[in-house]
Ligand SMILES: [Zn+2]
């Protein structure tokens, strides 16, 4: 009996490999043949060039908690399931510098690249999301309004998060709609946030997220002048090579994004909107 099961499993594996399922063969991915049969990959095995052209999904999370009527708040259970899905299917989270290198055409993409981002800096990013990311070995990026540090998260907690693989980047100083501000006010929002993050976290902050997705030509110029290399928006879609690094699209992640939706959003740039 055991032998039959063994041979059947072997046969399944051979079939899966023959069907192009070799891309699923990642270290630590044990449930392969069954999963492969249950849910075939939406993408066929792609060449490195095709994968580079397809682009990279940058996932946008906000709060992780229990607030069923607010889609910006994803339940801890669903968030954990999302992260386990990424890990079990061999996705490789990129650091912001790697996304920068991809856009500059100098990065050799790892298998199944993805970027995980969090906005605003809620307590649950530290208390709920970070332990899950740490357990699964997934790196991520947090965009925080620097002027709000001390209210929900402390500098010490941010240092811990950084040490655990979560990059800390700017979400302006006080989370105002930049596109509605004068150039002088915007400069203050950008410069003050950079000075605080640089000083308290001993880093050169070069990544930015527009509060409410709001920016104008002054914002782009000021970010460039102050050494920012990447900035993310609320525009839906994947990041593609050739995109303006200061107006990057992101993929919405909330309670409405089931595992099936997540699968779609990770495997096709033209994923259906909800
Ligand atoms: Zn925000």
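Since every read-out is calculated from the coordinates, none of them should be taken as a lab result. Since the model is a prediction, treat every value here as computed from it, not as a measurement. So basically every Cβ, Gly included, is an ideal-geometry build from the backbone, and we count neighbours across all protein chains shown.
Below are the figures for this structure:
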read-out: Extension gain, residue 66 back to residue 247 (0.36 nm per residue minus Cα-Cα distance, nm); value: 62.1 nm
read-out: Spacing of the two label points (7 Å from each Cα toward its C-beta) at residue 148 and residue 163, in nm; value: 2.5 nm
read-out: Nitroxide proxy distance, nm - points 7 Å out along Cα→Cβ at residue 224 and residue 256; value: 3.6 nm
read-out: Between region 214-239 and region 112-127, the Cα center-to-center distance that results, in Å; value: 19 Å
read-out: Dimensionless Rg ratio for region 190-265, taking C-alpha atoms and the 2.2 N^0.38 Å reference; value: 1.30
read-out: For peptides 245-256, 65-76, sequence by mean Cβ density within 10 Å, most packed first; value: 245-256, 65-76
read-out: Shape call, region 43-267: gyration tensor on alpha carbons, a/c limit 1.5; value: oblate
read-out: Residue-span extension gain [residue 135 to residue 204] - 0.36 nm each, minus C-alpha spacing; value: 22.1 nm
read-out: Relative contact order of region 60-160, defined on C-alpha pairs under 8 angstrom at six or more residues apart (%); value: 29 percent
read-out: Rounded, prolate or oblate (a/c below 1.5 giving rounded, otherwise prolate when a/b exceeds b/c) for region 139-274 by Cα gyration tensor; value: oblate
read-out: Net length gained if the chain between residue 101 and residue 263 were fully extended (0.36 nm per residue, minus Cα distance); value: 55.8 nm
read-out: Label-point separation, residue 274 to residue 85 (7 Å along Cα→Cβ), nm; value: 1.0 nm
